[in-house]
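Accompanying notes for the structure given below.
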Amino acid sequence: MVPHANLDESRLGFVLDEVRNQVECSVRDYESSMHRSSTTAIAAILNSLDRVENGRACKNVLGALLCVLGENIASHQEIFDAKIRLQCLVSSNGA
């Protein structure tokens, strides 16, 4: 069963904009292009959720994401490395 993952419209818009920006930055970066696209997407979602102030809503979204993805995801270390790389790319682009 997928948990209820409800973010209000403004937070959801923020998360989507942040994810889009991070993914766009990643396609211009050789190292990021070596990650599976799903790893980059998960890392971008997690980075964006880290910036949203509603902790409970973020946990619900994360829970729903993990339910949908199941076991078919990269290791925690690969996702962590991708998160850090995306954070560096976004900061160097002045976003």
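Taken together, the values in this text are just the output of simple stated rules run on the coordinates, not laboratory data. Keep in mind it's a predicted model, so treat the numbers as computed, not measured. Note: ideal-geometry Cβ built from the backbone for every residue, glycine included; neighbour counts use all protein chains shown.
Site pair residue 77 and residue 64 shows an inter-label distance of 3.2 nm when each label is modelled 7 Å from Cα along Cα→Cβ.
Label sites at residue 92 and residue 29, each approximated as a point 7 angstrom past Cα along Cα to Cβ, lie 0.7 nm apart.
Note on the range 9-92: semi-axes of the ellipsoid equivalent to its C-alpha gyration tensor, largest first and rounded to whole Å, are 20, 16, 10. Peptides 68-78, 42-52, 26-36 ranked from most to least packed, by the mean per-residue count of other Cβ atoms within 10 Å: 42-52, 26-36, 68-78.
In the range 9-92, Cα pairs under 8 Å separated by at least six residues give a relative contact order of 43 percent.
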